[in-house]
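Read the structure below first, then the notes.
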Amino acid sequence: MKKELKGKRVVIREGELLRREQDNRTYLMKLENRYLLRNYLLEAGRISGRGMDPKAMGGWEDPSCQLRGHFLGHWLSAAAIRYHETGDKELWAKACGVVEELEICQKENGGGWVAPIPEKYLYWIGKGKNIWAPQYNMHKLFMGLLDVYKYMDNQKALAIAEGLADWFYRWSGSYSREAFDDILDVETGGMLEIWAELLDITGDEKYRELLSRYYRQRLFEPLLEGRDVLTNMHANTTIPEILGCARAYEVTGEEKWLSIVKSYWKCAVTDRGSYVTGGQTQGEIWTPMKKLKARLGDKNQEHCTVYNMVRLAEFLFRHTGDPRYMHYIEYNVQNGIFAQSYWRGEAKDGKPGVGLLTYFLPMKAPGRKDWAGEMDSFFCCHGTMVQANAALNRCMYYQEDKDLFVTQYADSEARFEIEGREVCLRQRQDYMNGSLQSSSVNDARQTVNAIAGAYANRPDFRKYVLTLEVPEETAFSLQLRVPDWITGEARVCVNGEEVLTTRETDYFVKLDRVWKDGDRVELYLPIGLQFVPLPDDESMGAFRYGPDVLAGITGQERILYLEGERPEEELSPDTERQWGEFRTFYRTENQDPGISFVKLNTVGYEPYQIYFKVKGKRN
């Protein structure tokens, strides 16, 4: 199995990733502990609900909501993940302060229960009463506590989680198998994953029993039989359950858990298909298999679904080595996580130049992103947003014995060990722009060089340079993922000499050699416009430049009338160069009025269209 390099072993250097991480960190610190803890303090009787502070967190965090308090668990996880990457002492202190308060709440509640909701919610679902997903809510707290334990070495967090787990062990054991199967039909979130985590941490056999109790046979058995149990079903109810199966496989080694995960992926992705963004769902519901046209709506691609499916793809890559899972992650990060959170752009038409989060990503034309505020929503995606952006150095580098896999491309460095020697790989993108400028100012140093004239226009390839730092000559394999968006032959050079070319995309280029200090690898990936049709309508599709989906800025739905045969020929570069950088801007050639195209993850408040019907020349 491949081991992911993360935490302090991977350092990000790319400005946009660092900016998003910093925005996320600023937001995490901005939320006051008294507001994060409010519903827990209320449930423990430590504060009164009278005279509530109007500045407190609203939306799903309002005390009237049955999912109140769920966000704190996400916050704890995000803080812990950020600390693991950076050693951020301020976040560590803030998170530990939250844990101290939760410890007091647990004591006030009798030593087991520590939650923002009453225990009776769980008993009510046992009686069939309609309560909004209390176990989904509780999973978030468990998750946060265990992440604080794992990444911040906070023993109190583990003790609180174990005390709460004892409550669940007693409660779940009071039902028959059939009765508890009915309970499992009410959204449980990732409770299965929690029991696997606690089994791994403690070795206590009661968690193996909880794994058995939470085995949702009404879902898992039909999946193993190859039946489609997902069409028109709520997506993010089941994804966390499958993530639980994934963790159960890693902890127990029992093949049935892995078989469930693979069957789910086949049903959810391979056989079903995805939007051009890599995302799925409309109105939080799985689409019919290969039938997406009728599901282009204003509530596509729920952020939670994107985040959790990325987690599932990452697990499958570690256990299979199939690069297609990394292709999936690349599309969903670029056109989901980045398109739906922490947007920054130009303030205009009375709209601000920032956007925090969009629950959905509309695919219907014209669509608009509906940006949530910092204190007024706190729906489920608000939580996965802070987790997704806590540490963007993940899913980039993996090691298996003497093989290092480079799975995503961004300016960064990774440190790993080969036969007791620490090796450092530094990755950067050479933008071939002929300038040392890196921002939108025009007073940076200008050096006359051959690159400026040689690449007068934006290059039709992406070039990545990987440099190795080794203490002495060391033999290992460097494996480079070839993305499936390439438009021609990828080339690889070592120390200036071409060593191979390939058009294969479900593939890792393997460079097996004795490496010396300062060895340099150059990877050239041909890139260009591609028209990606819907699986159920070849005449309707979207434009993608490399991994980036393009959106046409338009206030009304448009049809593209083509002069030529290929839709890609209708678009030409626009505002290609500004200061020191080439940019990804396009415009139509023959439409009246014309349409400007930009990367979907740079769209703020403008109306846009992703999927276009294409027809022959208008008469």
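For R458, the conditions (1) under 23 Å from D548 (Cα atoms); (2) in a loop (DSSP other than H, G, I, E, B); (3) touching a strand residue (DSSP E or B) at 6+ places or on another chain (Cβ under 7 Å); (4) without any contact (Cβ under 8 Å) to a residue 60 or more places away in the chain are fulfilled apart from (4).
Mind counting the residues in region 267-286 that are among the small types (G, A, S) and in a helix (DSSP H, G or I)?
Taking region 267-286 and keeping what is among the small types (G, A, S), we get 268, 273-274, 278-279, 283.
Subsequent filtering for residues that are in a helix (DSSP H, G or I) retains 268.
Of the residues in that region, 1 qualify.
State all residues of region 396-423 that are free of Cβ contacts under 8 Å to residues at least 40 places away in the same chain and under 15 Å from K8 (Cβ atoms); if no residue qualifies, say none. Lay out the reasoning, then the answer.
Looking only at region 396-423, we keep the residues that are free of Cβ contacts under 8 Å to residues at least 40 places away in the same chain, and these are 401, 417, 420.
If the condition is that a residue be free of Cβ contacts under 8 Å to residues at least 40 places away in the same chain and under 15 Å from K8 (Cβ atoms), then E417 is the only one that fits.
Note on region 88-124: residues that are open to solvent by less than 10 Å² (accessible area, probe 1.4 Å) and part of a helix (DSSP H, G or I) amount to 7.
Residues in region 365-376 that are under 15 Å from V603 (Cα atoms) and charged (D, E, K, R) were compared, and the one that is farthest from the chain's Cα centre (by Cα) is R368. Checking the structure you have, find out if any residue of region 54-61 is among the aliphatic types (A, V, I, L, M), touching a residue at least 12 places away in the same chain (Cβ under 8 Å) and more than 30 Å from Q399 (Cβ to Cβ). Taking every residue of region 54-61 in turn, at least one turns out to be among the aliphatic types (A, V, I, L, M), touching a residue at least 12 places away in the same chain (Cβ under 8 Å) and more than 30 Å from Q399 (Cβ to Cβ).
Can you tell me which residue within region 19-53, out of those that are of a type in the set (A, V, I, L, M) and in contact (Cβ under 8 Å) with a residue 24 or more places away in the chain, is nearest to Q66 (Cα to Cα)? Steps first, answer last, please.
Start the filter on region 19-53 by keeping residues that are of a type in the set (A, V, I, L, M), which leaves 28-29, 31, 36-37, 41-42, 44, 47, 52.
Now drop any that are not in contact (Cβ under 8 Å) with a residue 24 or more places away in the chain, which leaves 28-29, 31, 36-37, 41-42, 44.
Values: L28: 23, M29: 26, L31: 21, L36: 16, L37: 15, L41: 16, L42: 14, A44: 16 Å.
Of everything passing the filter in region 19-53, L42 is nearest to Q66 (Cα to Cα).
Would it be correct to say that G69 is touching a His at 6+ places or on another chain (Cβ under 8 Å) and open to solvent by less than 20 Å² (accessible area, probe 1.4 Å)? No.
On the stretch given as region 514-541, residues that are of a type in the set (D, E, K, R), part of a strand (DSSP E or B) and exposed (fewer than 14 other Cβ atoms within 10 Å of the Cβ) total 2.
For the subset of region 7-61 comprising residues that are acidic (D, E) and outside any loop (DSSP other than H, G, I, E, B), which member is surrounded by the fewest Cβ atoms within 10 Å (Cβ to Cβ)? Please lay out each step first, then the result.
Let us first name the residues in region 7-61 that are acidic (D, E), namely 14, 16, 21, 23, 32, 43, 53, 61.
Right, trim to outside any loop (DSSP other than H, G, I, E, B) and you get 16, 21, 23, 43, 61.
On the way: E16: 15, E21: 20, D23: 17, E43: 22, E61: 25.
Step by step, filter region 7-61, then rank; the result is E16.
Out of all the residues in region 183-199, which are of a type in the set (A, V, I, L, M, F, W, C), part of a loop (DSSP other than H, G, I, E, B) and surrounded by 24 or more Cβ atoms within 10 Å (Cβ to Cβ)? First the steps, then the outcome.
First, the residues of region 183-199 that are of a type in the set (A, V, I, L, M, F, W, C): 183-184, 186, 191-192, 194-196, 198-199.
Cutting the leftovers down to part of a loop (DSSP other than H, G, I, E, B) gives us 186.
Scanning region 183-199 gives no hits.
Look at region 493-504: where a residue is free of Cβ contacts under 8 Å to residues at least 24 places away in the same chain and a partner is open to solvent by 80 Å² or more (accessible area, probe 1.4 Å), sitting 6+ places away or on another chain with Cβ atoms under 7 Å, you get E498/R491; T501/E489; T501/R491; T502/E489; R503/E489.
Confirm whether G203 is open to solvent by 20 Å² or more (accessible area, probe 1.4 Å) and free of Cβ contacts under 8 Å to residues at least 40 places away in the same chain. Answer is yes for this residue. Residue-level check: of (1) over 30 Å from A452 (Cβ atoms); (2) outside any loop (DSSP other than H, G, I, E, B); (3) free of Cβ contacts under 8 Å to residues at least 40 places away in the same chain, L560 misses just (3). The residue of region 542-574 that is most open to solvent (accessible area, probe 1.4 Å), among those that are farther than 19 Å from G297 by Cβ and of a type in the set (G, A, S), is G564. Would you be able to tell me the number of residues in region 287-302 that are assigned to a loop (DSSP other than H, G, I, E, B) and within 13 Å of V276 (Cα to Cα)? Of the residues in that region, 4 qualify. Being over 29 Å from the mean Cα position of the chain (by Cα) and at pLDDT 95 or above is a property that A475 has. Tallying residues that are of a type in the set (G, A, S) and either within 22 Å of K140 (Cβ to Cβ) or in contact with a strand residue (DSSP E or B) (Cβ under 6 Å, 6 or more places away or on another chain) (or both) within region 210-269 yields 4.
Out of all the residues in region 307-315, is one or more open to solvent by 30 Å² or more (accessible area, probe 1.4 Å) and touching a Lys or Arg at 6+ places or on another chain (Cβ under 9 Å)? So that I can check it myself, show each step before the final result.
Taking region 307-315 first, the residues open to solvent by 30 Å² or more (accessible area, probe 1.4 Å) are 307, 311.
After this cut, where a residue has to be touching a Lys or Arg at 6+ places or on another chain (Cβ under 9 Å) as well, the list is none.
No, region 307-315 has no match at all.
Any residue at all in region 149-160 that is open to solvent by 40 Å² or more (accessible area, probe 1.4 Å) and outside any helix (DSSP H, G or I)? Looking through region 149-160, at least one residue is open to solvent by 40 Å² or more (accessible area, probe 1.4 Å) and outside any helix (DSSP H, G or I).
Picking from residues in region 575-603 that are open to solvent by 20 Å² or more (accessible area, probe 1.4 Å), of a type in the set (V, I, T) and in a loop (DSSP other than H, G, I, E, B), the one that is farthest from F543 (Cα to Cα) is T575.
The values are calculated or read from the model by the stated rules, or taken from the named source; none is laboratory data. Computed from a predicted model, the values in this text were never measured in an experiment. In this analysis, Cβ positions are derived from the backbone assuming ideal geometry, glycine residues included, and neighbour counts consider all displayed protein chains. For the accessible areas, the whole protein counts, side chains as well, though only heavy atoms, and no ligand, DNA or RNA atoms are used. Shrake-Rupley method; radii C 1.70, N 1.55, O 1.52, S 1.80 Å.
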